[in-house]
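Down below is the structure, laid out as structure tokens.
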Amino acid sequence: MKEETIKYRLHPWHGLNLGKESPRLVNCYIEIVPTDTVKYEIDKETGILKVDRPHKYSSLCPSLYGLLPRTYAGKKTAEYCMEKTGKTGLIGDGDPIDICVLTEKVIIHGDIIVKAIPIGGFRLLDGNEVDDKIIAVMEDDLVYGEMNDIEKCTQGFIERLRHYFLTYKDAPGTQSSQVEITHIYGREEAQKVISLGSQDYNDKFNNA
């Protein structure tokens, strides 16, 4: 029987997989690079990268930024966040789990796939919506590749990331959004969030 060939580009969220070694090593779809002055994000229907909004402030994302394929911030992700924060009434934001990837290399555009090793994350809330940001290092990166936990990151870099995420949802002409980062967590919790996001994805799209 002749092997079937893929005639069309796969949807980056649904067509790409997390990888055989997930959550230790994951495939990431990158939407934004540090030189981008607007926020790009995947169009959920088509899988094409689109302009979401221009940044209100001059700060740029200091890392590669994108999503983890076949993950979803849903019920299990929200329950875990409530367990860790003691808050109630939280829901997943209904998007793929976001990821920041550290690398010394200059990458000039998004719409690419990279392999990365999660080392921690930000527990971010936008109002009552759970919107975790996983932090990872690119596999085999000369500078960051040996970094195995977020504690190895410099405080200055963490603060740059914090500032970006606390302001990046502010659009021109609007009031500041209600974004807060309740915790910074390490590698084990990052892997837990990824695993729960994968379970939420299966519950949402494979068991419907």
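What the table below lists for this structure:
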| read-out | value |
| --- | --- |
| Residue check for Ile194: buried (at least 16 other Cβ atoms within 10 Å of the Cβ), at negative phi and touching a Gly at 6+ places or on another chain (Cβ under 8 Å) | no |
| Test: residue in segment 59-66 that is of a type outside the set (Gly, Ala, Ser) and at pLDDT 95 or above | yes |
| Residue that is nearest to Pro62 (Cα to Cα), among those in segment 87-143 that are among the polar types (S, T, N, Q) and exposed (fewer than 14 other Cβ atoms within 10 Å of the Cβ) | Asn128 |
| Segment 122-143: number of residues that are touching a Lys or Arg at 6+ places or on another chain (Cβ under 6 Å) and under 14 Å from Leu64 (Cα atoms) | 1 |
| Residue in segment 70-79 that is among the aromatic types (Phe, Trp, Tyr), touching an Asp or Glu at 6+ places or on another chain (Cβ under 9 Å) and closer than 15 Å to Ile194 by Cα present | yes |
| Breaking point among (1) under 25 Å from Gly47 (Cβ atoms); (2) over 15 Å from the mean Cα position of the chain (by Cα), for Ile97 | (2) |
| Residue match in segment 184-195 (condition: assigned to a strand (DSSP E or B), over 21 Å from Val38 (Cβ atoms) and in contact with a Ser or Thr (Cβ under 6 Å, 6 or more places away or on another chain)) | no |
| Members of segment 95-123 that are over 21 Å from Leu25 (Cβ atoms), out of contact with any helix residue (DSSP H, G or I) (no Cβ under 9 Å at 6 or more places or on another chain) and either free of Cβ contacts under 8 Å to residues at least 24 places away in the same chain or basic (Lys, Arg) (or both) | Val106 |
| Number of the exception - Phe157 against (1) surrounded by fewer than 22 Cβ atoms within 10 Å (Cβ to Cβ); (2) touching a helix residue (DSSP H, G or I) at 6+ places or on another chain (Cβ under 6 Å) | (2) |
| When residues of segment 32-89 are limited to those that are part of a strand (DSSP E or B) and in contact (Cβ under 8 Å) with a residue 60 or more places away in the chain, the one nearest to His183 (Cα to Cα) | Leu64 |
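The values are calculated or read from the model by the stated rules, or taken from the named source; none is laboratory data. Just so it is clear, the model here is predicted, and its values are computed rather than measured. Please note: Cβ atoms are built from the backbone with ideal geometry, for glycine as well, and neighbour counts cover all protein chains shown.
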